Amino acid sequence: MSPLPASPRARRLTTAIAAGLATAAGVWFAAGTAHAGTVSGTLYRDPDTAVARWVAANPNDSRTAVIRDKIASQPASRWFANFNISTVQSEVSTYVNGANAAGQIPVLTVYGITNRDCGGASAGGAPDLNQYQTWIGNLARGLGSRTALVMLEPDSLALQTCLSSSDISARDQALRTATRTIKAANPNAKVYLDAGHSTWNSAGDQAGRLVAAGVADADGFFTNVSNFNPTNSEASYGRSVLSSLQGQGVSGKHQVIDTSRNGGAAGDWCADDNTDRRIGQYPTTATGDANIDAYLWVKPPGEADGCKYTAGSFQPDLAYSLASSAPNPPTTAPTTPPTTAPTTPPTTPPTTPPTTGPTTPPTTAPTTPPTTAPVGGCSATYQTASFWQGGFQGMVTVKAGSAAITGWTVTWPLGSGQQITQLWNGELVSSSPTVTVRNLSWNGSLAAGATAQFGFLANGTPNTPTITCTTR
């Protein structure tokens, strides 16, 4: 598969951005029950990706474990960007059939419109819009009949500076037709149109462009592709776009957000030359927001933007930079929060979290000594796994005492200015002024001396809290 093009949209990003992450699969907030959008299920992890091939070919590379555990293990979108009318149907059906066989949801990024990228680093696409519609028709015939998420033409609406008014009208018509063609071929396909990102066009302007391009026939819009804006900024922008759409008579639409590189950013857009980036929210359909259908990795992490390296080529140094200080992904998590706790724990617990820690230890000693574990009790040890300007990742290890336990609760006082934004492998019961985390159904029963671990992301400056574990 040839290198994937990179969206140019983020070139408008030139100022520092702080880390901003939203609700994830397996994240529970004390404010209430998490809600999802209109999509539920597990996203497809394609075994034949550039990162998967690199990991398989480089088992002894010092970067491999981090890239494998934090990037290759995750679902990302497959880009269909090579304009070939005769092969696109088989390319799509092969990918979609693989997802269907796995019982998972494929994510496709369709990137072949005429005058793509306004002739920039990712130039290409169909020679004209008539041939584009033929290509789209063949692509649609490969989608099958099950749920598939289709990101239709990044940049096509947010980036129009090279188009005349007649060109814009023709593109709008092409996108309306493409949306209808895809929906007619597979009514279960979810089609999303381009809405740029929160630091590009205004919400009102972008909503007008979406309406002109036929968003009424689509399922919604995507934002932040190949960009670094925090998830909370994109969600806020999405709400404004939705409000503007409703003002123009279009309702019932949803947003998806590309979180592949927005776990922290600073400096200019060209990530090829910037190593201060991190992967953001892990892909999930359990967004905790009724307006947002999914957090996706539309831009596969580690694939270049065309600044220092060829656009779309996989670069392990970029992948390692994105992943090395990022939190480990949740090991397992339901796609929607359970309404009641299971009556019995699973017979086989989920795979234990990866043990790979940060490659560079914090500059301050973050580990607290374990609390004394009485017979039948438990102890807890806290460690700051990584930190950055304005935020940090904490990991807590719970250990049973000299007798088995059936459940545990960990508490600690929240430091000044700290706020937990994400938590996995535990239930966040309360977060202010004292954090309280309880076990989930599968990691509460521990044999004598056995351990369980949960992690979290937080805003603020890390400290060394006094942490307490009790059994229940």
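The residue pairs whose first member lies in the stretch 417-437 and is in contact (Cβ under 8 Å) with a residue 12 or more places away in the chain and in the same structural domain as residue 287 (by TED's automatic domain parsing), whose second member is surrounded by 15 or more Cβ atoms within 10 Å (Cβ to Cβ) and not in a strand (DSSP E or B), and whose beta carbons are closer than 9 Å, counting only pairs six or more residues apart or on different chains, do not exist in this structure. Against the criterion of being acidic (Asp, Glu) and within 20 Å of residue 49 (Cα to Cα), residue 305 qualifies.
In this structure, is residue 125 assigned to a helix (DSSP H, G or I) and over 25 Å from the mean Cα position of the chain (by Cα)? So residue 125 does not fit the description; no. Evaluating residue 419 against the criteria (1) within 13 Å of residue 408 (Cβ to Cβ); (2) surrounded by fewer than 20 Cβ atoms within 10 Å (Cβ to Cβ); (3) within 25 Å of the chain's Cα centre (by Cα) leaves one unmet condition, (1).
Considering every residue within the stretch 74-84, establish whether at least one is surrounded by fewer than 21 Cβ atoms within 10 Å (Cβ to Cβ), closer than 12 Å to residue 143 by Cβ, in the same structural domain as residue 278 (by TED's automatic domain parsing) and at pLDDT 95 or above. Looking for residues that are surrounded by fewer than 21 Cβ atoms within 10 Å (Cβ to Cβ), closer than 12 Å to residue 143 by Cβ, in the same structural domain as residue 278 (by TED's automatic domain parsing) and at pLDDT 95 or above, one finds none in the stretch 74-84, hence no. The lone criterion from (1) under 18 Å from residue 194 (Cβ atoms); (2) at pLDDT 85 or above left unmet by residue 318 is number (1).
Taken together, the residues in the stretch 106-134 that are surrounded by fewer than 23 Cβ atoms within 10 Å (Cβ to Cβ) and of a type in the set (A, V, I, L, M, F, W, C) amount to 5.
Scanning the stretch 176-189 finds no residues that are within 30 Å of residue 391 (Cα to Cα) and in contact with an Asp or Glu (Cβ under 8 Å, 6 or more places away or on another chain). Among what's in the stretch 236-262 and is at pLDDT 95 or above and charged (D, E, K, R), pick the residue that is nearest to residue 327 (Cα to Cα). Per the criteria, the residue is 258. For residue 232, the conditions (1) free of Cβ contacts under 8 Å to residues at least 60 places away in the same chain; (2) under 23 Å from the mean Cα position of the chain (by Cα); (3) in a helix (DSSP H, G or I) all hold with the exception of (1).
Rundown of residues vs (1) crowded, with 23+ Cβ neighbours inside 10 Å; (2) farther than 21 Å from residue 296 by Cα; (3) among the polar types (S, T, N, Q), yes/no style:
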position: 162; (1), (2), (3): no, yes, no
position: 178; (1), (2), (3): yes, yes, no
position: 184; (1), (2), (3): no, yes, no
position: 190; (1), (2), (3): yes, no, no
position: 194; (1), (2), (3): yes, no, no
position: 214; (1), (2), (3): no, yes, no
position: 222; (1), (2), (3): yes, no, no
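The values are calculated or read from the model by the stated rules, or taken from the named source; none is laboratory data. Note that the structure is predicted; figures quoted are calculated from it, not measured. Please note: Cβ atoms are built from the backbone with ideal geometry, for glycine as well, and neighbour counts cover all protein chains shown.
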